[in-house]
1. Hey, what do the phi angles of region 147-164 turn into as Karplus ³J(HN,Hα) couplings, whole Hz, using 6.51/-1.76/1.60 and θ = phi - 60°, x for Gly and Pro?
2. Can you tell me which aspartates and glutamates have their Cα less than 17 Å from the Cα of residue 262? Leave out same-chain residues fewer than eight positions away.
3. What are the extents of the Cα atoms of region 320-386 along their three principal axes, in Å, largest first?
4. What percentage of the solvent-accessible surface of region 258-367, computed with a 1.4 Å probe over protein heavy atoms, is contributed by carbon and sulfur atoms?
5. What nm value, rounded to one decimal, do you get for the distance between residue 55 and residue 149 when each label is placed 7 Å out toward the C-beta?
6. With a Förster radius of 35 Å, plug the Cβ-Cβ distance of residue 306 and residue 245 into 1/(1 + (r/R0)^6) and report the FRET value to the nearest 0.05.
7. Mind listing the phi-derived Karplus ³J(HN,Hα) values for region 137-143, rounded to whole Hz, using 6.51, -1.76 and 1.60 with θ = phi - 60°, and x for any glycine or proline?
8. At R0 = 41 Å, how high is the FRET efficiency between residue 277 and residue 214 if r is their beta carbon distance? Nearest 0.05 is fine.
Amino acid sequence: MRKTLPPLISLLLVTCMLWSALIVPLEAAPPPGWSGDDNLAFLLELNGTSAYYSNSSHPIPVDLSTNLTMELSIDVGAALKLWSGLFVMKYLAIPIVNQPFEFLGLSLPAGLEEVLINTSFPLLGELGGLNLITGTVEGVFSFVYELDSDPGTNVTVSQNFVLQLGPVGPAALLSVAGLITVGFTITSVFGLLLSLDEFQQGIMAARKMRGAKKASDVGIFPRAVVLRRHPKKDTEKVSKEELVRRVGEAARGGWDGKRCPKCGKKWTPETTSCPKCKLDRQSAVAYFSQDIAEYAPKALNVVKPKSKIPVGRFSRRLRLKPEKGGALAAALTDMGVFQTRSVKTPLMKVALSGMTLSGVYLSWTQVIGGAIPSWLDILLFTCAGLVISVLVAYFMKWLARIPKLGYD
């Protein structure tokens, strides 16, 4: 006698079969180490290691003194047409290998297993015994295919991989890329320090200038003060006698009496006259102003109408010591020949140094830490460094503001 299952159990079995059909994927995953899908699986091996297992934490080591070996195998699961492929390797987001493959609809039958590529090639080698580059390289290999059973629909399968070129850590600095990174870092740091020193000089000059109502209140202009020439040349009627008097006023407020203006002999605060040329202090002030007055005609040629120049450069062009050049600049400003309303601030230098340092930071993370910065990372870091350095520079420029003197 044949037995049958109860209707409820039969319904339950049918339901389980339907759910299992929905849960099981239509396409099985490629075998371990392989990339792609069930229609087109491929195995990309670099130096004998599958690209499938490489990432930023486990890059494939590459010795730049030897060639990089590459083997590519495919396993076709369904009849398809292979259109193209692409092999790309990027260093600091810059492509160093960009090799496209055009298959132009190559028909591959189901069940085909084939080794497409088995080759080796050098990676930028050495220069003078040093590796050209070192650090992390990011790459990708991809295929574009079309199933015969679904014409008109292109499918892309790809595999990313990561290579570690050369040594890691401090040893990575002994490469051309590492030495360039060190060089740029040193240059940027020194450039930034020098720029900040110029800013400090400008701020100190501004403190001396701030609060003055006229140039004679300052005495001797600091080197960082910027002189501007009146745009109308015929408005400047400079009397030598008047210039001597004005320069004398500036000299009395700024001459420190440490060196004789005639022979250059050092004076002590207790000295009433030069021990070498016997020039007394009152005569020294007169000699100081008279000597400076002789440079007035040349000064007007150094600073052309509608031009501007810092006092330090103004003194060098006249071949005057800074105190004499500053006194002459103050006298001409008091007479309305020059005007000053700013001090020299290296705004652009600070901005470029900050931008360069932010970019160099990414190079350090690439060379030493094995990071993989993208173009977006590089752009964001560079822009952030530029914005921060510009804000700092404008703040320091605000600290170096001075009153407007001259042209009255």
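1. 6, 5, 7, 9, x, x, 10, 8, 10, 10, 10, 8, 8, 7, 8, 9, 10, 10
2. Partners within reach: 280, 291, 294, 323.
3. 63, 22, 9
4. 53 percent
5. Taking the two extended label points, one gets 3.2 nm.
6. For residue 306 and residue 245, the calculated efficiency is 0.80.
7. 10, 9, x, 8, 10, 9, 10
8. About 0.80, to the nearest 0.05.
The values are calculated or read from the model by the stated rules, or taken from the named source; none is laboratory data. Nothing here was measured: the structure is a model prediction, and the numbers come from that model. Virtual Cβ from ideal backbone geometry, glycine too; neighbours counted across all protein chains shown. Remember, those area values only see protein heavy atoms, side chains included, never the ligands or the DNA or RNA. Shrake-Rupley method; radii C 1.70, N 1.55, O 1.52, S 1.80 Å.
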